[in-house]
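Quick note: the coordinates plus some simple rules give every number you see, no bench work behind them. Owing to the predicted nature of the structure, the values given are computational and were not obtained by experimental measurement. For neighbour counting, all protein chains shown are included, and Cβ atoms are generated from backbone atoms with ideal geometry for every residue, glycine included.
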Amino acid sequence: MNRLFIGFALVLSGVAAAQVAAPERISSTATRPIYADLSRPLEERVEDALSRMSISEKLHIIHAQSKFSSRGVPRLGIPDLWTDDGPHGVRPDVLWDEWEQAGQSNDSCVAFPALTCLAACWDPGIARLYGESLGEEARYRGKSVLLGPGINIYRTPLNGRNFEYLGEDPFLASEMAVSYIQGLQSRGVAACVKHYALNNNEVNRHTTNVVIDDRTLYEIYLPAFKAAVERGGAWSLMGAYNLLGDEHLCHNDRMLNGILKNEWGFDGAVISDWGGCHDTRQAIANGLDLEFGSWTDGLANGASNAYNNYYLADPYLKLIESGEVSTDELDDKARRVLRLIMRTAMDPSYGYGSLCSEAHYDAARRIGDDGIVLLRNEKNVLPIRSREGGKILVVGENAIKMMTVGGGSSSLKAQREVSPLEGIRKAAEGRGMSVDYARGYVGDVSGEYNGVVTGQNLSDSRTPAQLIAEAVEKARDADYVIFVGGLNKSPGQDCEDSDRESLDLPYAQDDVIAALVKANRNLAVVNISGNAVAMPWVKDVPAIVQAWFLGSEAGNSIADVLFGDVNPSGKLPFTFPAKLSDSPAHAMGAYPGVKRDDSPIVDLEYKEGLLVGYRWHDTRKIRPLFSFGHGLSYTDFRLGKASADRRQIADNDSITFTVDVTNTGRRAGAEVVQLYISDPDCSVERPAKELKAFRKVWLQPGETKSVSLTVGRDALSYFDAERHEWVAEPGDFTAHIGTSSDKISSSVKFNLTR
Ligand code: BGC
């Protein structure tokens, strides 16, 4: 094509796109327009671009033009905006208009561990590494918005999407989310923090109307979103499918205009969840900026080529033309979307990113290594002691099943995935040991999601009795037995759009474990899940490891911990209840809600209020199976007596607690010092204690480090709904310092003066 022709073609397409506006001609000698001049302040550039756009161009940029992209302003050279899931890797491309795979050969990725594993690292530095690595992958793939992180609070162990979130505690989730977002955005890719808010189960996700008191909303379900916006500086945020106050959260006036934009000053774009927009007038008025996925539920097929019919497309134009709505809201939405484009796709200073680099695999392995939690280790069964000629038996479907495919929108096309069996085999053989395998049970042999196939044939026609008999026979002859089971990414397990039906392990895995217990005392159970599971055999199994969905490097990380190349340091980001009825939402009969007689709406009252997770177990004195913050190591740590730098603090002061941590064992390792606050004399009921600070410290054998944790007024406050403000009530407080919510080594009293 010669230059003249290109110029002609550009002018033509510009006319088509702009409809009424004159095409911009930028001659090579002209100075750059303000909006394209990177040296000018962002707001000036945004206003300049906005001033050049026609109404139809503004409308074009606020709704989708394909499954995952929205249009830029071709006439002005403002690029399209490409989004993609999220949150554990960059999802493979689908066709323009359909959910089917585009069939690219360059869209595989590194699968990072699921966010539950990241939360279990209790280390914001690792969250930063996660965000940076993922951002580089997204940037390389030309994606400007990564649909994550998911930061909904873990309210019930049945929620099919808990694996995509950061656990049950608002403070832990806030700290990890902020670093993830900052890491991601440091690579020129916007985080799209989701799902704002109260999307805490999947069943009835489009029709659940959450009923919640303001105090619980502000103290439990909003802090991580607030931190993501105010401290993380998130450039976009996704509304949730469900409703609050009978209004869908993708266009909820109070949540979007009131809290997000006015109270927190969010200047980014609110993106609808796919198919989460339901009404043009509400979408215009109630704070939605960018509409995606209408006429789909995010998973199923949607109508093709329907983009002009989107709520924020032609129906919006009609209301403007008839004079029923002004263009004020349109300008605000377009401004926010322009900001998003300029912060990402239109900023070349971030470079091109990188994909499937060894550095990213190393990051994935590091995150997995640091997040695996050693739940139990009686008689130091782990780590496996190397012995030339030693025999290891691996049992269980999850030792061989690819877990990066499935689970809903977080499903990935991983360039490579090391299974637990492969990882264990490699580590064992390197030590002169042999590995045998027995299936043990047959769970879900499917291996396809959204057109991506694992290519694994997992079918096995043997009966459960035959499978157990084989495993038991082989177990008798082994030095170690490693059972690798848990949940998987199929509907009804750790999977979007459905919840689990019970806390139990599926596929009668308990029977296999019970049989193995009798056959070999050197047994370790590796549970792969993003959720708590019941463990009726807990006292009989000497070693239990919580291994999450670990992505590309799964097998290597698991082997690192089992063989002791890595000393486990992960801590649970949520409570494992002993039984489902011990878990707050279920104890209160507050799940999954009550369907209204006259409509599809299901009212779900969060009756447990503030008492989510350990707050419930501690306050109600219900002993969990494993508590929040729990996690063992191959070495031992001793915490000295904690001290405070003052006994009394005034309203705006902070107080610092210091404690010595000593590694008293023989291996290097890491401990997480956790600080919980309680306010026993408060005039309102408060949870027994709440996490307000933590620090992960790495120590050589014999080494002692002094750890200081500082908290301020915000850590002492509760939300007074009537006054609509945070209140720190003068009086006595106690700081509890320990290594899990049920392992407090010292408590320090202090006083907040009037
Ligand atoms: C999910 C979102 C996801 C979107 C796009 C929806 O169904 O709820 O988390 O980002 O689809 O795939």
Going residue by residue through the stretch 652-661, the Karplus relation 6.51 cos²θ - 1.76 cosθ + 1.60 with θ = phi - 60° gives ³J(HN,Hα) values, rounded to whole Hz and with x marking Gly or Pro, of 9, 6, 10, 10, 10, 10, 10, 9, 8, 10
Checked the stretch 33-112 with the C-alpha gyration tensor, a ≥ b ≥ c its square-rooted eigenvalues, rounded below a/c of 1.5, otherwise prolate if a/b is larger than b/c and oblate if not; verdict prolate
Here the convex hull volume per residue of the stretch 218-362, taken over Cα atoms and given in Å³, is 170
Here the net charge surrounding ALA102, from other residues whose Cβ is less than 15 Å away from its Cβ (Lys, Arg +1; Asp, Glu -1), is -2
Percent antiparallel among DSSP beta bridges confined to the chain, nearest 5, equals 60
Cα-Cα longer than 20 Å, checked against LYS641/LYS749; LYS621/LYS696; LYS194/LYS595, kept in input order, equals LYS621/LYS696; LYS194/LYS595
Of the candidates PRO149, CYS117, LEU237, the farthest towards the positive dipole end of the chain (Lys/Arg Cβ +1, Asp/Glu Cβ -1, centred on the Cα centre) is CYS117
For VAL211, other-chain or 5+-apart residues with amide H closer than 5 Å (H placed, Pro excluded) are LEU604, GLU605, TYR606
Magnitude of the Cβ-charge dipole (Lys and Arg +1, Asp and Glu -1) of the chain about the Cα centre, nearest 20 debye, reported as 2040
Extension length gain for ASP477 and ARG723 (0.36 nm per residue less Cα distance), in nm, is 81.8 nm
To the nearest 10 degrees, the tilt of helix 328-343 (Cα long axis) against the first principal axis of the alpha carbons of the chain is 60
HN-Hα couplings for the stretch 464-470 via Karplus (6.51, -1.76, 1.60; θ = phi - 60°), in whole Hz with x for Gly/Pro, come out as x, 5, 5, 5, 5, 4, 4
Interchain or sequence-distant (5+) residues whose placed amide H lies within less than 5 Å of the amide H of CYS109 are LYS413, ALA414, GLN415
If one compares the long axis through the Cα atoms of helix 124-140 with the longest principal axis of the Cα atoms of the chain, the angle in degrees, nearest 10, works out at 50
Here the stretch 581-598 yields Karplus 3J(HN,Hα) values (6.51, -1.76, 1.60; θ = phi - 60°; whole Hz; Gly and Pro given as x) of 5, 7, 8, x, 4, 7, 4, 8, x, 10, 6, x, x, 10, 6, 6, 5, 9
Here the averaged projected area of the stretch 173-214, based on the convex hull of its alpha-carbon atoms and given in nm², is 4.2
In cubic angstrom per residue, the convex hull of the stretch 372-566 built on its Cα atoms measures 108
Computed on Cα atoms, Rg of the stretch 304-422 relative to 2.2 N^0.38 Å comes out at 1.93
Per principal axis, largest first, the Cα atoms of the stretch 2-350 extend in Å by 62, 44, 39
Any aspartates and glutamates whose Cα falls less than 15 Å from that of LYS67, other than same-chain ones fewer than 8 residues away, would be ASP80, ASP84, ASP85, ASP93, ASP97, GLU98, GLU100, ASP273, GLU291, ASP297
Computed Rg/Rh for the stretch 618-754 (Cα atoms; Rh = Kirkwood radius) stands at 1.01
Over all directions, the chain yields a Cα convex hull whose mean projected area in nm² is 34.7
GLY702 neighbourhood, Cβ < 15 Å, K/R = +1, D/E = -1, net charge 0
For the chain, longest principal axis from Cα atoms; helix 170-185 axis from its Cα atoms; angle between them, nearest 10 degrees, is 50
Close lysine pairs (the stretch 372-566; alpha-carbon distance under 16 Å; 8 or more apart or on separate chains) counted at 8
